[in-house]
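> My questions all concern the structure below.
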């Protein structure tokens, strides 16, 4: 099996996925932004399928070009994988364009866009925190009026908790709206009830 792994160099724990693939006999090629000689020796030794350097792994055109070069030199590419959330949609779109099996872009979009994800789950009977799309500061104000405090404002295309802010009252809401320029309109955010509890997760690649 030949697996292309996007950005195996960052963050540092990504190499554990590459090591696991190598341990089960996979050929692993890498695509990333550093030049190959800037990678450490351990990671270099794991990438037995080679390395393609690109300017931006989130750029679909650059990623597509790198994947096609790897496909052309072989061996046959069975999977194109990444576990960094910000890279997933570009990887999915390139998978579809290059006929590599894997999650389709529409499925990945449900993972990336938390509002769509929760709508999808609600339609199938799974309970989720109350939420609303925020295209303008007034959308957040309406959510506060209807649902009360506390709640969070979060970019729909963010990664992890990046950019997320907890809103606890009217003044903190107005600060959040001003700091994120939400009153300018055309925002791509979501408001969601703040729920106190334990969060647990783990990352894995299963092939």
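Nothing in this text is a laboratory measurement; each read-out follows from the coordinates by a stated rule. Computed from a predicted model, the values in this text were never measured in an experiment. Heads up, the Cβs are rebuilt from the backbone with ideal geometry, glycines too, and the neighbour counts pull from every protein chain shown.
> How many percent of the alpha carbon pairs in the stretch 114-178 exceed a separation of 20 Å?
28 percent
> Also: Starting from the Cα-Cα distance between residue 98 and residue 86, subtract it from 0.36 nm times their residue separation and give me the gain in nm to one decimal.
2.3 nm is the gain from fully extending residue 98 to residue 86.
> What is the stretch 52-97's relative contact order, in percent, from Cα pairs under 8 angstrom and six or more apart in sequence?
Numbers: 33 pairs, mean separation 19.9, N = 46.
Worked out over the stretch 52-97, it gives 43 percent.
> Moving on. So what are the stretch 141-207's ellipsoid semi-axes, whole angstrom, largest first, if each one is the square root of 5 times an eigenvalue of the alpha-carbon gyration tensor?
26, 16, 10
> Between residue 201 and residue 145, what is the FRET efficiency for a Förster distance of 35 Å, r being their Cβ-Cβ separation, to the nearest 0.05?
It comes to 0.60.
> If one takes the longest principal axis of the Cα atoms in the chain, at what angle in degrees, from 0 to 90 and to the nearest 10, does the Cα axis of helix 137-147 lie?
The angle comes out at about 70 degrees.
> Order these peptides, 76-83, 170-177, by their mean beta-carbon neighbour count within 10 angstrom, highest first. The partial results should precede the final answer.
Numbers: 76-83: 19.0, 170-177: 15.8.
The packing order, highest mean first, is 76-83, 170-177.
> Using alpha carbon centroids, what distance separates the stretch 1-70 and the stretch 79-130, in Å?
Value for the Cα centre distance between the two parts: 21 Å.
> Would you indicate which of (i) 8, 30, 28, 17, 10, 5, 1; (ii) 8, 32, 33, 18, 7, 1, 0; (iii) 8, 29, 27, 20, 13, 2 is the value of P(r) over Cα pairs in 10 Å bins from 0, in percent derived from the coordinates of this structure?
So the calculated entry is the one marked (iii).
> Right, next: Provide the packing ranking of 132-139, 97-104, i.e. peptides ordered by the mean count of other C-beta atoms within 10 Å per residue, highest first.
Those peptides, ordered most packed to least, come out 132-139, 97-104.
> What nm distance separates the two modelled labels at residue 159 and residue 133, each placed 7 Å from Cα along Cα→Cβ?
Distance between the two pseudo-spin positions: 2.6 nm.
> For the stretch 2-111, compute Rh as the Kirkwood radius over C-alpha pairs and then the Stokes-Einstein diffusion coefficient at 25 °C and 0.890 mPa s; write the answer in µm²/s, rounded to an integer.
Approximately 179 µm²/s, per Stokes-Einstein.
> When the helix-only estimate is applied to the chain (DSSP H runs of n ≥ 4, each -39,500 (n - 2.57), divided by the residue count), what is the mean residue ellipticity at 222 nm, nearest 500 deg cm²/dmol?
Value at 222 nm, helices only, nearest 500: -11500 deg cm²/dmol.
> OK, next. Before anything else, pin down the relative contact order of the chain: Cα pairs under 8 Å, at least 6 apart, normalised by residue count, whole percent. Don't skip to the end; give the middle numbers.
Working: 323 pairs, mean separation 33.4, N = 207.
RCO, the chain: 16 percent.
> Under a crude label model (7 Å from the Cα following the beta-carbon direction), how far is residue 23 from residue 121 in nanometres?
3.0 nm
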